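Heads up, the thing below is written out as structure tokens.
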Amino acid sequence: MNETMIILYSSIIIFVIGLYGLIAHRNAIRMLISIELLLNAANLNLVNFAHRTALENALQAQILTLFSIALAAVEAAIGIAIFINLYRIYGRAEVDLARELKEV
Amino acid sequence: MELYLISLLAILSLVVLSAILSIEAKELMHSVFFLGVFLVTIGALYILLGAEFIGVIQILLYAGGVAVLMLFSLMLLPRRGEKEVSYRIPAIAVVMIFIAMLFLMIGKASPPQGAAQVSTEALALTLLSQYPLLIILLALLIVVIMVSASYLVGGER
């Protein structure tokens with residue numbers, strides 16, 4: 001088993017942990033943490049395979065990873081803005097509470 | 001080579017451990033701290049895999065941006081007791097199905113052979129000469145997100 005496969009399996013483990021957290025928890029911040037875990041597992045796979053391919057593909061994979069990191073940061077910012085509004089309206093940030101689009 | 005493998009395994013075990021703790025810590029604050037540890041160790045892994053620029057960007061943007069953003073928003077928000085509604089059994093079922101699916105697919109795969117040394121200079125040249133439009137679009141998106149996030153948080157005033 002070489003290093004590529006070891007990192008592949010451990011990124012599967014990270015992805016599975018994130019998937020479990022995303023389904024098992026209803027707290028919004030915990031769900032956001034799980035989404036970050038999922039995105040990081042995907043990015044880790046991209047960088048891992050970029051290490052083992054031709055130079056052209058490696059460059060494109062690393063650029064894709066850069067954009068993915070930037071988009072994940074943006075997604076966390078907008079998610080936290082929404083969750084602060086959830087706290088204001090309902091007092092807790094549980095996603096089950098948010099059933100109405102307008103303010104209650 | 002041996003040292004490389006040992007450090008790889010050490011960092012990977014730290015990554016998996018901090019991922020589990022960031023999901024399962026009782027306090028929300030602790031899980032955000034473990035998320036920070038997780039993100040920094042992933043950055044170390046990128047540097048070990050020869051992607052130095054991405055590792056630095058990961059530590060700057062994730063550990064310095066996302067984790068700190070979560071930490072500050074948790075500190076600003078009022079602390080109330082978390083009502084723990086959790087769906088552990090459906091989560092475990094979905095995870096089992098997912099693992100079975102993945103291992104069916106991975107059994108057919110063969111590990112890639114080859115090695116690419118990506119220098120930061122080549123990365124910058126490719127990024128700025130082939131994808132300038134994407135960078136401009138990303139900048140526009142970030143401006144839109146900044147305006148909309150500040151509107152969402154402070155919209156009542």
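Values quoted throughout were computed directly from the atomic coordinates according to the rules given, and no laboratory measurement underlies them. Nothing here was measured: the structure is a model prediction, and the numbers come from that model. With ideal geometry, Cβ positions are generated from the backbone for all residues, glycine too; neighbour counts draw on all protein chains shown.
Judged by the gyration tensor of its Cα atoms, with axes a ≥ b ≥ c, the protein assembly as shown is oblate; a/c meets the 1.5 cut and b/c is at least as large as a/b.
Beyond 21 Å, the tail of the calculated P(r) for chain A holds 48 percent of the Cα pairs.
If you average the sequence gap of Cα pairs under 8 Å that are 6 or more apart and divide by the length of the stretch B:1-127, what percent do you get for the contact order? Intermediate results must be reported in sequence, preceding the final value.
Working: 70 pairs, mean separation 24.1, N = 127.
That works out to 19 percent.
By other beta-carbon atoms within 10 Å, ranking B:Leu137, B:Leu77, B:Leu3 with the fewest at the front produces B:Leu3, B:Leu137, B:Leu77.
Provide A:Glu56, B:Glu2, A:Glu75 in ascending order of the number of other Cβ atoms located within 10 Å of each residue's Cβ, fewest first. Don't skip to the end; give the middle numbers.
On the way: A:Glu56 10, B:Glu2 6, A:Glu75 16.
Result, fewest neighbours first: B:Glu2, A:Glu56, A:Glu75.
As a rough footprinting exposure proxy, the listed residues B:Met101, B:Met29 were ranked by other beta carbons within 10 Å of their own, and the order from fewest upward is B:Met101, B:Met29. Computed from backbone phi with θ = phi - 60° and the Karplus coefficients 6.51, -1.76 and 1.60, the 3J(HN,Hα) list for the stretch B:138-146 is 5, 5, 4, 4, 5, 5, 4, 5, 4 Hz; x is used for glycine and proline.
Using helices alone, I'd like the mean residue ellipticity at 222 nm for chain B: each DSSP H run of four-plus residues gives -39500 (n - 2.57), total over residue count, nearest 500.
My calculation for chain B gives -24000 deg cm²/dmol from helical runs alone.
Distance between the C-alpha centres of the stretch B:1-79 and the stretch B:97-126: 21 Å, rounded to the whole angstrom. At the listed q of 0.11, 0.15, 0.19, 0.25 Å⁻¹, the Debye profile of the stretch B:1-81, built from one uniform point per Cα, gives log10 I(q)/I(0) equal to -0.34, -0.58, -0.82, -1.13.
Label point of A:Phe67 set 7 angstrom out along Cα-Cβ; within the stretch A:15-43, amide nitrogens under 18 Å from it belong to A:39-40, A:42-43. The C-alpha radius of gyration of the stretch B:3-157, expressed as a fraction of 2.2 N^0.38 Å, stands at 1.35.
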